[in-house]
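Visitor: Next up is a structure, given as structure tokens.
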Amino acid sequence: MALKWNRKVLLAKIETTYGTDAAPTGGADAVLATNVQLQPMQGQDVSRELELTTLGAQATVPVEVHAQLSFEVELAASGTAGTAPAWGPLLRACAVAETISAGVSVTYNPVSDAHESATIHFWVEDTRYAFVGARGTAVMRVDAQKVPKIAFTFTGLFTAPSEVAQVTPTLTAWAKPIVATKANTPVFTLNAQSLVLRSLELDLSNEVVTRFLIGSEGVLITQKNEKITATVEAVPLTTLDPYALALAQTAVPMVLTHGVGAGKIATLAVPLAQFQRPSGLAQQQGIVEWPLSLVPQVNAGNDQWTVTLT
């Protein structure tokens, strides 16, 4: 019997002990995802290099077997100030800390140590792909007239797929998104200068590696290389000069606020965003636009960016 790709369930839960199945459920751990792509058995096939009596292909042994899963979720606050969003555990598994101020705010920032991991269960009909010890990276995207999203890519330790009846997911914790518009995205500033924004992307660019040794197997995040790309309407150089800022290796504050109303606001703040060389000019509808590249810089440590939900 053919399996229908459109019958999918995705669950994710933070692990208490690395590599031990956290047993996610269809309730609090269900993920409302789009554009899911699965590579269930990554690794290498190593030749046995046997000496044979005839010509022929060599037998192989699978090694460093692991799984990769990528998908997108809608970037929307929970709807209640001080309540973590449903995508919070996913971001935590990308070397990001979550700080909750009850009834006030939820703040996310990068961390260098004590990285959390997740167990992920993914069904296609009744075939379940489960992997543990998952860590990943993420890209946050805000585009004019579109729903802001976070794109995740996770790597986890392989376990054999099995036939297990699909759970019924409860997705009520996933708040409805707000489209990025002039009214819904009221603030975008670079160096305290308000600019007209077409698109912005924060790429966490985590270096995610698999490490398979005798006595230890795992997925690690060993480096962070955050970068920001943004396309804005060009302004006079007397207002903002990206060329001079790039030559001077200047880092400036950047703020983007999306959402209106208590519990629905997400603010991305980058205190020190270093300008890189502008790649050129673009135009849309006869209007000059700048494609900009910026690099979030560390100040005291683990403070190169924050996302605060209020």
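The values are calculated or read from the model by the stated rules, or taken from the named source; none is laboratory data. Just so it is clear, the model here is predicted, and its values are computed rather than measured. Counting neighbours? That spans all protein chains shown, and the Cβs are built from the backbone with ideal geometry, glycine included. The area values use the complete protein model at the heavy-atom level, side chains included, leaving out ligands, DNA and RNA. Shrake-Rupley method; radii C 1.70, N 1.55, O 1.52, S 1.80 Å.
Every residue, every condition in (1) among the small types (Gly, Ala, Ser); (2) at pLDDT below 95, yes or no:
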position	(1), (2)
LEU52	no, yes
ALA67	yes, no
GLU72	no, no
LEU90	no, no
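Visitor: Right, another one. Could you list, in sequence order, all residues of segment 103-143 that are of a type in the set (Lys, Arg) and touching a Cys at 6+ places or on another chain (Cβ under 9 Å)? Outline the logic, then answer.
Guide: Within segment 103-143, the first condition is being of a type in the set (Lys, Arg), and the residues that meet it are 128, 135, 141.
Hit for segment 103-143 is ARG135, nothing else.
Visitor: Of everything in segment 64-90 that's in contact with a Ser or Thr (Cβ under 7 Å, 6 or more places away or on another chain) and of a type in the set (Asp, Glu), which residue is most open to solvent (accessible area, probe 1.4 Å)?
Guide: GLU64
Visitor: If I filter segment 101-111 down to residues being assigned to a loop (DSSP other than H, G, I, E, B) and touching a residue at least 24 places away in the same chain (Cβ under 8 Å), which single residue comes out as farthest from ALA33 (Cα to Cα)?
Guide: VAL104
Visitor: Go through ALA180, ALA192, ALA144, ALA130 for me and flag whichever is open to solvent by less than 20 Å² (accessible area, probe 1.4 Å), within 21 Å of ALA269 (Cα to Cα) and modelled with pLDDT of 95 or more.
Guide: Only one candidate qualifies: ALA180.
Visitor: Suppose we keep only residues that are surrounded by 17 or more Cβ atoms within 10 Å (Cβ to Cβ) and polar (S, T, N, Q) within segment 204-228. Which one would you say is nearest to the chain's Cα centre (by Cα)?
Guide: This residue is ASN206.
Visitor: Look through segment 27-40, keep the residues that are assigned to a loop (DSSP other than H, G, I, E, B) and at pLDDT 95 or above, and return whichever of them is nearest to GLU72 (Cα to Cα).
Guide: The extreme case among them is ALA33.
Visitor: Let me ask something else about it. In segment 110-130, how many are among the hydroxyl-bearing types (Ser, Thr, Tyr) and closer than 14 Å to THR155 by Cα?
Guide: Number satisfying all stated conditions: 3.
Visitor: Please work out which residue is surrounded by the most Cβ atoms within 10 Å (Cβ to Cβ), limiting yourself to segment 3-23 and to residues that are of a type in the set (D, E, K, R) and assigned to a loop (DSSP other than H, G, I, E, B). Don't jump to the end; show me each part of the working.
Guide: Just the residues of segment 3-23 that are of a type in the set (D, E, K, R), to begin with: 4, 7-8, 13, 15, 21.
Those left that are additionally assigned to a loop (DSSP other than H, G, I, E, B): 4, 7, 15, 21.
Details: LYS4: 9, ARG7: 11, GLU15: 19, ASP21: 15.
Per the criteria, the residue is GLU15.
Visitor: Okay, next question. Listed residues ALA95, ALA118, ALA138; which is buried (at least 19 other Cβ atoms within 10 Å of the Cβ), over 18 Å from ASP21 (Cα atoms) and in contact with a helix residue (DSSP H, G or I) (Cβ under 9 Å, 6 or more places away or on another chain)?
Guide: Residue meeting the stated conditions: ALA138.
Visitor: Still on this structure, please answer the following. Give me the pairs: first residue in segment 1-22 and modelled with pLDDT of 95 or more and among the hydroxyl-bearing types (Ser, Thr, Tyr), second residue open to solvent by less than 80 Å² (accessible area, probe 1.4 Å) and in a loop (DSSP other than H, G, I, E, B), beta-carbon distance under 9 Å, and six or more apart or on different chains, which are they?
Guide: So the pair list comes out as THR16/ALA22; TYR18/GLU116; TYR18/SER117.
Visitor: Same structure again: One residue is enough: does segment 265-283 have a residue meeting the conditions open to solvent by 30 Å² or more (accessible area, probe 1.4 Å), hydrophobic (A, V, I, L, M, F, W, C), free of Cβ contacts under 8 Å to residues at least 60 places away in the same chain and in a loop (DSSP other than H, G, I, E, B)?
Guide: Checking segment 265-283: at least one residue is open to solvent by 30 Å² or more (accessible area, probe 1.4 Å), hydrophobic (A, V, I, L, M, F, W, C), free of Cβ contacts under 8 Å to residues at least 60 places away in the same chain and in a loop (DSSP other than H, G, I, E, B).
Visitor: Identify, from the list PHE154, PHE188, PHE212, the residue that is among the aromatic types (Phe, Trp, Tyr) and closer than 29 Å to PRO253 by Cα.
Guide: Within the list PHE154, PHE188, PHE212, the selection yields PHE188.
Visitor: Which of the strands (runs of 3 or more DSSP E) contained wholly in segment 112-225 include at least 3 residues that are among the small types (Gly, Ala, Ser)? Break it down stepwise before answering.
Guide: Details: elements: 118-124, 127-143, 149-158, 187-190, 197-203, 206-213, 216-224.
Those strands (runs of 3 or more DSSP E) span 127-143.
Visitor: Give the residues of segment 196-218 that are aliphatic (A, V, I, L, M) and under 23 Å from ASN109 (Cα atoms), sorted by residue number.
Guide: Passing the criteria: LEU200, LEU202, LEU204, VAL208, VAL209.
Visitor: Continuing with this model, one more query. Pull up segment 110-145, narrow it to residues that are under 18 Å from the mean Cα position of the chain (by Cα) and of a type in the set (S, T, N, Q), then point me to the one that is farthest from PHE71 (Cα to Cα).
Guide: SER112
Visitor: Quick one: in segment 24-49, of everything that is under 22 Å from the mean Cα position of the chain (by Cα) and of a type in the set (A, V, I, L, M), which residue is surrounded by the fewest Cβ atoms within 10 Å (Cβ to Cβ)?
Guide: ALA28
Visitor: Only one residue in THR99, THR155 is in contact with a Ser or Thr (Cβ under 9 Å, 6 or more places away or on another chain), modelled with pLDDT of 95 or more and farther than 19 Å from THR257 by Cα, so which one is that?
Guide: THR155
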